[in-house]
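Enquirer: Below are the structure tokens for one structure; questions will follow.
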Amino acid sequence: MDIGNAFGFVFEDEEWVKKILLGALISLIPIFGQFAIMGYGIAVIRNVMAGEPRPLPNWNDLVRHFADGLMFWIATLIYALPFLILVCPIMVVWLLPALAGEQEDLTNILVGVAGLVTTGLGCLAFLYGMLMALVTPVLQIRYVETGEIGGCLRLGEVFRFLRANIGSVIISQLLVWMAGVVLISVAGGLTLGLLVLPISVWLAAFSGHLYGQIGRQAGIAPPVV
């Protein structure tokens, strides 16, 4: 994995300032902007897997960026359903002590039950969240590979790809997390948050380049459209 190229490829594009700032402006559009940024990252994956010498996409196909982001979000939401199933009871179970009224002993028992349920389900939710963090880049790669949301929902293929490329996926996610924490923290502290939006666009491109490298190393090519 070429980490240096993933960090610097954006700045090799002659129009990188315009593309990043335009992405930052688009991200201000409620809902539409968030999906478009997701789709922009997917476009980077597509270009890297296709071997484009300048993989930073243009914004002239905004509708496609939005559609790609929306499809990826739907796929992610489907995978997140077990996490939601685990988290929702945690919120509900803490309503039980209120049912005891003024009965102190019963209240203490119900608080203990709520604590046990929270601990058990919380641990399971944490583990599933970690799995989701590893699956997320695979879903994007699979979407680029197949060109449809169905490619993300073939569980066997998704987890076979994850198992075969687990090292690269873990490294990429750690790099994205660290870059996000450092850059957004610094930008938020020094510029009153003015650089957070363009940095978010850069992070989408950075993560897309890393994921695109994983897909290309796995021998995957995006479909010709």
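What follows draws every value from the coordinates through simple rules; no lab data is involved. Not measured: the values here are computed from a predicted model. Heads up, the Cβs are rebuilt from the backbone with ideal geometry, glycines too, and the neighbour counts pull from every protein chain shown.
Enquirer: Given 20 °C and 1.002 mPa s, compute D for the range 103-144 with the Stokes-Einstein relation, Rh being the Kirkwood radius over Cα pairs; round to the nearest whole µm²/s.
Expert: 169 µm²/s
Enquirer: Run the numbers on the chain and let me know its relative contact order in percent, using alpha-carbon pairs under 8 Å that are six or more apart.
Expert: Working: 253 pairs, mean separation 70.0, N = 225.
Taking the mean separation of contacting Cα pairs over the length of the chain, I get 31 percent.
Enquirer: Sticking with this one: Tell me the label-point distance for the pair Asp61, Met178, using the 7 Å Cα-to-Cβ offset, in nm and rounded to one decimal.
Expert: With each label placed 7 Å out from Cα toward Cβ, I get 3.3 nm.
Enquirer: If you don't mind, there's one more thing I want to ask. Just from its helices, what would the mean residue ellipticity at 222 nm be for the chain, if runs of 4 or more DSSP H residues each count -39500 (n - 2.57) and the sum is divided by every residue, rounded to the nearest 500 deg cm²/dmol?
Expert: -26500 deg cm²/dmol
Enquirer: Using only the Cα atoms, work out Rg/Rh for the chain, with Rh taken as the Kirkwood radius, to two decimals. Mind showing how you got there, number by number?
Expert: Values: Rg = 20.8 Å, Rh = 19.3 Å.
Ratio of gyration radius to Kirkwood radius: 1.08.
Enquirer: When you count, for each residue, the other Cβ atoms within 10 Å and take the mean per peptide, how do 200-206, 164-170 rank with the highest first? Spell out each step's value before the answer.
Expert: Values: 200-206: 22.1, 164-170: 15.0.
By packing density, highest mean first, the sequence is 200-206, 164-170.
Enquirer: Sticking with this structure for a sec: Calculate I(q)/I(0) for the range 107-184 by the Debye formula, one identical point scatterer on each C-alpha and no solvent, and give its log10 at q = 0.15 Å⁻¹ to two decimals.
Expert: -0.68
Enquirer: A follow-up question, please. Could you please tell me the mean projected area of the C-alpha convex hull for the range 32-72, averaged over all directions and given in square nanometres to one decimal?
Expert: The orientation-averaged projected area of the Cα hull of the range 32-72 comes to 2.6 nm².
Enquirer: Let me ask something else. Arranged by the count of other C-beta atoms within 10 angstrom, fewest first, what order do Phe66, Phe32 take?
Expert: Taking fewest neighbouring Cβ atoms as first place, the list is Phe32, Phe66.
Enquirer: Something else now. Cα convex hull of the range 3-112: mean projected area in nm², to one decimal?
Expert: Dividing the Cα hull surface by four gives the mean projection, 11.1 nm².
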